[in-house]
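What follows is a single structure, written as structure tokens, with notes after it.
Nothing in this text is a laboratory measurement; each read-out follows from the coordinates by a stated rule. Treat the numbers as computed from the prediction; the structure is a model and nothing was measured. We place every Cβ from the backbone using ideal geometry, glycine too, and count neighbours over all the protein chains shown.
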Amino acid sequence: DLRPSYARARIRDAKALEAVGRDDDAEEQYRSAADLDPEDPLAPLGLGRLALAGERTEEAVRHLERAYSLNRGDGVVVTTLARAYARTGLDALARKRAAEARGLPRAQHQKDPLRESVLAAAQITALQIVHVEHPSLDEMETSVREQLRASRARLDSVLSQGRGVSAQALGNAFGDLGELYLIYDLTQAARSCLINAARLLNTEARWPHLL
């Protein structure tokens, strides 16, 4: 049965279209992939991401819950679902999935050429850490604020180690905080954190995939 192979090819095409802003064409390819291989989580993940970008939050939740049911061990799926829950006002579920994402391995995706090119682009010859402008949390719900402050404190603790800190520890701390910022739509701070995670951990697929 060649349908799974054809489905993965459609997903690669969809990602390329999504990367250049052709969201309608990308959505068509993701839907075709989902029809060809209903068990591939990357198709509903892509559909959910596009729905979320288009502010179709209930549709996004539906697609992302499908992706989650197919691969509960994929950190990108879990993080994106948490973000959709937060956008829909389902804060308790958002916090639960955000906490779940922190315990997942950093790279769960099968290799494909597009992702490998993203990883290659994240590699730099001289590491430059991007400054993170941490947002005010005063208007956030108390439980969300505590979650974000705890993650920020973990990053500060790692940074306080100075020159002796490992790239792995620092990259994970930036990535964990960036995921939470992304979930709660603090996008500027999220992007800075995730860029740092991608640069520090440039052999791992998860952080570039979230950018």
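Values computed for the structure shown
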| read-out | value |
| --- | --- |
| Elements of type helices (runs of 4 or more DSSP H) in region 1-109, at least 2 residues being closer than 19 Å to GLY175 by Cβ | 42-53, 75-88, 91-102 |
| Residues satisfying the stated conditions in region 186-206, i.e. under 12 Å from the mean Cα position of the chain (by Cα) and of a type in the set (Asp, Glu) | none |
| Residues (hydrophobic (A, V, I, L, M, F, W, C), crowded, with 20+ Cβ neighbours inside 10 Å and farther than 20 Å from TYR6 by Cβ) located in region 26-78 | LEU50, ALA51, LEU52, ALA60, VAL61, LEU64, VAL76, VAL77, VAL78 |
